[in-house]
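**Student:** Can you keep this structure in mind? I'll have questions shortly.
Just so it is clear, none of the values below were taken in a lab; they were calculated from the coordinates. It should be emphasised that the depicted structure is a prediction, and the values quoted were computed from it without experimental measurement. A quick note on method: Cβ atoms are made from the backbone with ideal geometry, for glycine too, and the neighbour counts reach across all protein chains shown.
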Amino acid sequence: MTIHEATLSRRSLLKAGAGLAIGVYIAGGGKAFAQAAPAASGVNIAPNTFLTIDADNTVTVLCKHIEFGQGPLTGMATLVAEELDADWSQMRADHAPSNPALFKNLAFGVQGTGGSSAIANSYEQMRKVGAAARAMLVSAAAEQWKVPALEITVNAGVIRHPSGKEGRFGAFAAAAMRQPAPADPKLKDPSQFKLIGKEGVVKRLDSAIKSNGTAEFTLDINEPDMLTVVIARSPKFGGTVASFDAAAARAVAGVVDVKQVQTGVAVYAKGFWPAKTARDRLKITWDDGKAETRGTPQLLSEFRSLSKTPGKTVRQEGDVEAAVARGGRLIEAEYVFPYLAHAAMEPLNGFIKWEGATASARFGCQFPTPDHAAIAKVLGIGIDKVQLQTILAGGSFGRRAQQTMHVAVELAEVAKAIGPGKAIKLVWTREDDMLGGYYRPFSIHRMRGVVRDGKIEAWSDTIVCQSIMKGSPFEAMSMKDGLDSTAYEGSHEIPYEVANFRCDLHQADVGVPVLWWRSVGHTHTGYAVEAFVDELLEAAGKDPVEGRLALMGRKPRHAGVLRAVAERADWKNAKLAPGRARGVAVVESFNTFVAQVVELSMEKEGPRVHKVWCAVDCGVAVNPDIIRAQIEGGIGFALGHILYAEQPLDAGRPLAANFNTYRSLRIDEMPEVDVTIVASTEKPSGVGEPGVPPLGPAVANAMARLGVGRPRQLPIVRGASA
Amino acid sequence: MAAFTLKINGQNHSVDVDPDTPLLWAIRDGAGLMGTKYGCGVAQCGACTVYLDGQTVRSCALPVSAVGKSEVITIEGLDSKEGKAVQTAWVALDVPQCGYCQSGQIMSAAALLGINPQPTDRDIDLAMNGNICRCATYVRIRAAIHGAAKSLEG
């Protein structure tokens with residue numbers, strides 16, 4: 001049964017009122033309790049349930065997080081199944097609709113996915129859902145069999161009593177609905193886990209549909225009389241439409257209408273090709289009066305000047321200048337990081353149908369709560385009149401969650417502009433997606449360090465970077481003293497003990513929209529810190545691993561992954577082939593600790609990475625194989641970008657429009673990957689992002705050991721095309 | 001606009017589109033088969049890979065007017081023994097992450113096994129490097145191709 005078939009059966013199930021549905025309400029204090037949910041009402045599918053049990057024993061978990069590869073459908077189902085004592089083969093999962101009261105991310109307070117938080121925030125909550133459902137099933141069986149509930153056991157989806165009575169969940173689902181839900185169901189001791197942390201028992205729930213073409217993404221929505229919309233947007237950020245001539249566009253067969261919207265000019269057509277063809281025939285005069293017109297060389301020069309002056313202090317300990325004055329070897333390094341596009345395989349898009357008084361939208365929506373409100377606001381109707389359903393997305397890397405909700409807003413605007421009653425699919429082309437901004441910010445780190453008598457005496461890091469949060473609805477919650485923590489996270493608290501430390505920030509204003517990008521600030525801070533500490537340790541005559549460990553006295557989890565990876569890679573004794581070298585880096589991000597060792601050689605074009613060893617400590621490892629997959633993917637994603645990727649600006653205009661100029665890693669460049677998951681009893685933390693940050697500096701440090709130096713400006717292979 | 005009859009997965013589909021329309025959009029918006037994906041539109045990423053008379057082509061860059069009577073096979077119609085072996089191996093190793101590129105990956109992988117039942121790593125590199133996976137599932141793609149090849153041995 002596919003995810004979608006499961007949806008249909010659940011719908012009919014609830015309509016018939018024949019199954020068990022469990023919702024969890026989180027009270028103000030954050031204490032979770034379970035309650036039987038009332039029957040579904042309206043058109044939302046089971047709007048207030050996390051779990052349903054079908055008469056055929058199928059258990060379907062509604063996942064409050066979007067699945068775009070990182071595995072929450074499987075992860076949430078694992079947590080529920082563990083406490084429910086279900087058999088993995090009976091588990092299904094589907095996306096929850098937008099409903100912040102029930103489906104909020106407990107780390108955010110609103111419904112949304114990000115910051116590698118899915119498993120971390122759901123770990124107890126979803127286990128309690130499973131435990132409550134188990135207790136209710138047991139109560140129902142006890143009642144029917146007229147035996148004490150305490151004598152009943154549940155194992156692999158079978159409810160049993162020593163008298164020989166047994167049954168499966170489906171047979172008791174309806175009766176379980178009538179049982180009182182335990183207020184605080186008891187959770188298993190981890191020693192009793194049968195699924196969490198176990199190898200080989202949990203398989204991804206979405207592999208089959210993603211291997212036979214039946215998985216439905218937003219681009220695949222195909223409703224009767226649906227119109228496809230493609231928009232011409234300003235080539236420069238901040239440009240607006242001065243005037244346009246749509247005559248040639250309207251002449252394209254299949255075009256239904258052309259409307260001006262806030263972001264540009266929208267073409268409505270029967271199908272993508274006529275919409276795109278017509279869009280390209282629009283004659284538009286843009287008003288660039290408020291547009292960003294600086295190019296990358298100018299930004300680099302401005303950022304560089306700024307970086308030579310002190311910014312606002314983020315954190316300071318001791319006195320860096322006094323330590324410099326005391327002498328020793330002063331080492332300076334400037335690191336430059338380009339704008340990066342997310343370039344998920346599925347370009348941005350969305351589906352909406354506005355009926356005047358109501359609307360329903362569905363797309364790969366990463367932040368349902370703010371997107372939901374944004375759609376309602378544009379359409380001038382209440383949030384309760386708008387249904388929003390998240391569906392599978394073809395990657396995101398941060399792109400499908402925007403602080404400005406611009407995709408949701410644009411989707412609602414194109415629906416509003418043509419009027420009610422139309423099914424609309426908004427599609428961004430690959431070029432629209434790559435040229436459309438919301439990049440990983442361009443930034444510079446200017447590092448200074450003092451090494452004296454084999455010891456790092458001083459460290460300073462002056463960062464110049466745009467703010468992601470400034471001016472957004474998230475500004476109040478994510479900025480401190482006017483400074484955006486996403487610009488300096490990882491730089492202001494380094495794992496190394498250095499007596500004299502300073503991190504300061506120039507928050508530069510540029511008219512290029514920027515956004516979080518897989519591992520956010522750590523994409524650049526991880527590189528700057530780990531390449532620089534390696535350089536200082538080299539100057540101090542220390543081994544990269546031993547030198548780091550000696551400074552990590554107060555950081556046992558950093559040290560733990562570093563020791564683990566060094567042992568796994570046989571760092572001390574490995575005999576490398578001629579022309580090869582290894583580098584190491586360790587970065588904590590999103591409460592997950594990751595150390596990597598890379599082995600590479602230099603080829604004509606640049607480094608070739610042969611193998612990456614990785615040790616990860618993400619607390620309790622819920623789905624080990626998904627953790628490995630995320631680390632493998634994170635390494636490949638990071639490697640492609642540090643080698644090749646850059647979104648350059650020419651007089652404000654982004655240049656890399658497609659994969660021929662924004663080069664992506666390909667299979668022949670993918671290194672062998674060896675993942676060690678460090679055993680831990682700490683709370684689980686995420687793995688979607690933390691595999692990314694250490695790769696770049698580990699490559700840089702290996703290059704230094706080959707004598708070619710640590711790249712100061714990314715990407716490493718400059719001006720690469722595919 | 002013009003009417004074209006396309007033979008896709010053994011069935012005739014009449015589509016009424018401009019002759020310049022890439023085969024991809026005739027398959028998707030015309031025939032309503034959504035398993036073949038749009039990723040780049042310029043034959044760079046391979047997400048749109050289908051077979052044309054048994055050969056892999058990038059359907060985003062092939063005008064529908066050039067298809068003629070050639071037989072098109074999409075992921076929905078992939079029923080060769082190599083195709084089934086590849087799909088089984090993909091599921092066994094949980095290859096997909098976001099999954100969006102995987103139709104194209106699987107079409108390329110099955111085509112490779114059709115002409116080379118025991119590919120080396122180098123053969124896999126050559127056959128598969130036209131298919132981008134932004135999730136970088138390449139480690140598992142490689143392992144699954146070897147796994148599928150092994151399953152076809154006996």
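**Student:** Could you tell me which GluC sites (Glu not before Pro) in segment A:520-626 are loop residues by DSSP with no more than 11 other beta carbons within 10 angstrom of their beta carbon? The partial results should precede the final answer.
**Tutor:** On the way: sites: A:Glu530, A:Glu535, A:Glu538, A:Glu546, A:Glu567, A:Glu588, A:Glu599, A:Glu603, A:Glu605; in loops: A:Glu603, A:Glu605.
Filter output for segment A:520-626: A:Glu603, A:Glu605.
**Student:** Remind me, relative contact order of segment A:409-490 in percent, using alpha carbon pairs under 8 angstrom and six or more residues apart? If you can, show how the numbers build up before the last one.
**Tutor:** Numbers: 64 pairs, mean separation 15.0, N = 82.
It rounds to 18 percent for segment A:409-490.
**Student:** If you don't mind, another one. Treat the count of other C-beta atoms within 10 Å as a stand-in for reagent exposure and order A:Leu51, A:Leu282 from fewest to most. Spell out each step's value before the answer.
**Tutor:** Values: A:Leu51 27, A:Leu282 22.
Ordered by Cβ neighbours within 10 Å, fewest first: A:Leu282, A:Leu51.
**Student:** Rounded to the nearest 5, what is the percent of antiparallel bridges among the DSSP beta bridges in chain A? Numbers along the way, then the final one.
**Tutor:** On the way: 94 of 125 bridges.
Close to 75 percent.
**Student:** For the residues A:Thr285, A:Thr240, B:Thr49, A:Thr369, what sequence is obtained by ranking on other C-beta atoms within 10 Å, fewest first?
**Tutor:** Details: A:Thr285 10, A:Thr240 15, B:Thr49 30, A:Thr369 22.
Going from sparsest to densest Cβ surroundings: A:Thr285, A:Thr240, A:Thr369, B:Thr49.
**Student:** Which whole-number percent is the relative contact order of chain B (Cα, under 8 Å, 6+ apart)? It would help to have the intermediate numbers written out before the result.
**Tutor:** Numbers: 278 pairs, mean separation 35.6, N = 154.
This gives 23 percent for chain B.
**Student:** Mind checking the angle between helix B:102-115 and chain B's longest principal axis? C-alpha axes, 0 to 90 degrees, to the nearest 10.
**Tutor:** The angle comes out near 70 degrees.
**Student:** While we're here: Once you have a ≥ b ≥ c as the square roots of the Cα gyration tensor eigenvalues for segment A:409-512, tell me rounded if a/c is under 1.5, and otherwise prolate or oblate according to whether a/b is larger than b/c. Each step should come with its number before you reach the end.
**Tutor:** Details: a/c = 4.10, a/b = 2.95, b/c = 1.39.
Taking the square roots of the gyration eigenvalues as a ≥ b ≥ c, segment A:409-512 is prolate.
**Student:** Mind checking segment B:67-153 for trypsin sites (Lys or Arg not before Pro) that DSSP puts in a loop (not H, G, I, E or B) and that have at most 14 other Cβ atoms within 10 Å? Kindly include the intermediate steps, with their values, before the conclusion.
**Tutor:** Working: sites: B:Lys69, B:Lys81, B:Lys84, B:Arg122, B:Arg134, B:Arg140, B:Arg142, B:Lys150; in loops: B:Lys69, B:Arg134.
Taking segment B:67-153 and a limit of 14 other Cβ atoms within 10 Å, the loop trypsin sites (Lys or Arg not before Pro) found are B:Lys69.
**Student:** Please provide three numbers in whole Å: the alpha-carbon extents of chain B along the principal axes, with the largest listed first.
**Tutor:** 46, 31, 23
**Student:** From the residues A:Ser519, A:Gly707, A:Thr58, which one has its Cα farthest along the dipole of the protein assembly as shown in the positive direction, the dipole being from +1 and -1 charges on Cβ of Lys/Arg and Asp/Glu about the Cα centre?
**Tutor:** Going by the Cα projections, it comes out as A:Thr58.
**Student:** Sticking with this structure for a sec: So what is Rg over Rh here for segment B:33-124, counting just Cα atoms and using Kirkwood for Rh? List each step's numbers first, then the result.
**Tutor:** Details: Rg = 13.0 Å, Rh = 13.6 Å.
When Rh is taken as the Kirkwood radius, the ratio is 0.96.
**Student:** May I ask you to list the aspartates and glutamates whose Cα is less than 18 Å away from that of A:Lys165, ignoring any residue fewer than eight positions away on the same chain?
**Tutor:** A:Asp85, A:Glu143, A:Glu151
**Student:** Please list the three semi-axes, largest first and in whole Å, of the ellipsoid equivalent to segment B:2-77, using sqrt of 5 times the eigenvalues of its alpha carbon gyration tensor. List each step's numbers first, then the result.
**Tutor:** Working: eigenvalues 53, 37, 25 Å².
Result for segment B:2-77: semi-axes of 16, 14, 11 Å.
**Student:** Defining a contact as two alpha carbons under 8 Å apart and six or more residues distant in sequence, what relative contact order in percent does chain A show?
**Tutor:** Relative CO of chain A lands at 13 percent.
**Student:** Now for a different question. If you wrap a convex hull around the C-alpha atoms of chain A and split its volume per residue, what is the figure in Å³?
**Tutor:** Details: hull volume 116.7 nm³, N = 722.
Expressed per residue, the convex hull around the Cα atoms of chain A is 162 Å³.
**Student:** Of all alpha-carbon pairs in segment A:86-153, indicate the percentage at a distance above 20 angstrom. Could you put the intermediate results ahead of the total?
**Tutor:** On the way: 1071 of 2278 pairs.
More than 20 Å apart: 47 percent of the Cα pairs in segment A:86-153.
**Student:** Related question: When the convex hull of the C-alpha atoms of segment A:311-385 is computed, what volume per residue in Å³ does it have?
**Tutor:** Details: hull volume 14.2 nm³, N = 75.
Here the figure is 189 Å³ per residue.
**Student:** P(r) tail for segment B:81-153, what percent of Cα pairs lie past 18 Å?
**Tutor:** On the way: 644 of 2628 pairs.
Above the 18 Å cut-off, segment B:81-153 has 25 percent of its Cα pairs.
**Student:** Please go through the residue pairs A:Lys128/A:Lys683; A:Lys236/A:Lys290; A:Lys64/B:Lys37; A:Lys611/A:Lys683; A:Lys210/B:Lys81 and name each one whose alpha carbons sit more than 21 Å apart in this structure. List each step's numbers first, then the result.
**Tutor:** On the way: A:Lys128/A:Lys683 16 Å; A:Lys236/A:Lys290 10 Å; A:Lys64/B:Lys37 26 Å; A:Lys611/A:Lys683 30 Å; A:Lys210/B:Lys81 19 Å.
Listed pairs above 21 Å: A:Lys64/B:Lys37; A:Lys611/A:Lys683.
**Student:** While we're on this one: Can you give me the span-like helices of chain A, meaning DSSP H runs with 24 Å or more of Cα extent along the axis and Kyte-Doolittle mean at or above -1.0? Intermediate values should be presented prior to the final figure.
**Tutor:** Numbers: long enough: A:118-145 (39 Å, 0.08); A:522-539 (25 Å, 0.04); A:624-644 (30 Å, 0.66).
Within chain A the helices that satisfy the rule are A:118-145, A:522-539, A:624-644.
**Student:** Hey, how much of the P(r) for segment A:270-358 falls beyond 21 Å, as a percent of Cα pairs?
**Tutor:** Values: 2740 of 3916 pairs.
Tail fraction, whole percent: 70.
**Student:** Would you mind checking which residues have amide H under 5 Å from A:Leu649's amide H? H placed 1.01 Å from N; only 5 or more apart, or other chain.
**Tutor:** Close amide H contacts, sequence-distant or interchain: A:Thr296.
**Student:** Then there's this: Using +1 at the Cβ of each Lys and Arg and -1 at the Cβ of each Asp and Glu in chain A, identify which of A:Phe68, A:Thr153, A:Ala249 lies farthest towards the dipole's positive end.
**Tutor:** Value: A:Ala249.
**Student:** From the backbone phi of segment A:432-447, what are the Karplus-calculated ³J(HN,Hα) couplings (6.51 cos²θ - 1.76 cosθ + 1.60, θ = phi - 60°) in whole Hz, Gly and Pro given as x?
**Tutor:** My calculation for segment A:432-447 gives 4, 5, 7, 8, x, x, 6, 8, 4, x, 5, 7, 10, 10, 10, 9 Hz in order.
**Student:** Arrange A:Cys465, B:Cys45 by Cβ neighbour counts within 10 Å, fewest through most, would you? Could you put the intermediate results ahead of the total?
**Tutor:** Numbers: A:Cys465 27, B:Cys45 31.
Going from sparsest to densest Cβ surroundings: A:Cys465, B:Cys45.
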